[in-house]
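Worksheet for the structure shown next.
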Amino acid sequence: MKRFLLIDDHFVVRSGIRGLLMELYKPCEVYESENSEQAVNQLRLRSYDLIIMDVQIPKNDMLGLMEYIHIKYPAAKVLMFSMSPENIYAKRFLKAGARGFLPKDSSFDETLRAINLVLNNRKYISDSLAESLAEDTLSDNPVNPFDRLSSREFEIASLLLNGQNLSEIARTLNLQPSTVGTHKAKLFKKMNVENVLHLKELASMYINK
């Protein structure tokens, strides 16, 4: 019997995935978490054949959670499932240990293909992401400016794009606000932006690129 863990803050999304999994892999067990704290608790209780998790959950460090899962449970198979732009987030989460990145607007056949590939110890990447990865191997500099950021800078950029302020980010990442401010200044310089609005505008340029 296969065992799944869903990590998403939207009940409707979890319900949809749960229904799909229970129909396709019955009998199976499906557990749910709506934030990273619940996810860590669920991970301590049992092992899973597949973890399906969102990229962005308000006031949660999802990249940090992915890195934690990869270090603490190296055999865990994780499939990212998100509306967040693939070309900004996918490579970062794959580097952190995820086995695939599936957009939430994917077709049923593509969703099934992604789940089965990861379940069978293979990786799933879309055709567009494969093309982007190929371009990166031929370029001396990252094509996507978000790829220039360190892991910590990317975490903070992601939380800024998710609407959190410096104090909230400091609490989420367990850092001093001054430390967050320093990282923010560095990432703004790397991205050549002056404020969060400009950062969002830059991110929007890469959503459909």
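The values are calculated or read from the model by the stated rules, or taken from the named source; none is laboratory data. What you are looking at is a predicted structure, and each value in this text was computed from that prediction instead of being measured. Here the Cβ is made from the backbone with ideal geometry for all residues, glycine too, and neighbour counts use every protein chain on show.
Structure values in brief
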item: Members of segment 174-192 found to be closer than 19 Å to Y89 by Cα and surrounded by 18 or more Cβ atoms within 10 Å (Cβ to Cβ), listed by number; result: H183, K184, L187, F188, M191
item: Search result, residues across segment 89-121 that are more than 17 Å from F4 (Cα to Cα) and either part of a loop (DSSP other than H, G, I, E, B) or over 10 Å from the mean Cα position of the chain (by Cα) (or both); result: K95, A96, G97, P103, K104, D105, S106, S107, F108, D109, E110
item: Candidate set: segment 160-172, residues that are in a helix (DSSP H, G or I) and at pLDDT 90 or above; chosen: the one surrounded by the fewest Cβ atoms within 10 Å (Cβ to Cβ); result: S167
item: Test result for S15, part of a loop (DSSP other than H, G, I, E, B) and outside the structural domain of K200 (by TED's automatic domain parsing); result: no
item: Test: residue in segment 173-186 that is modelled with pLDDT under 90, basic (K, R) and in contact with a helix residue (DSSP H, G or I) (Cβ under 7 Å, 6 or more places away or on another chain); result: no
item: Segment 169-198 residues that are of a type in the set (F, W, Y), paired with ones that are modelled with pLDDT under 90 and part of a loop (DSSP other than H, G, I, E, B) (beta carbon under 6 Å, 6 or more apart); result: none
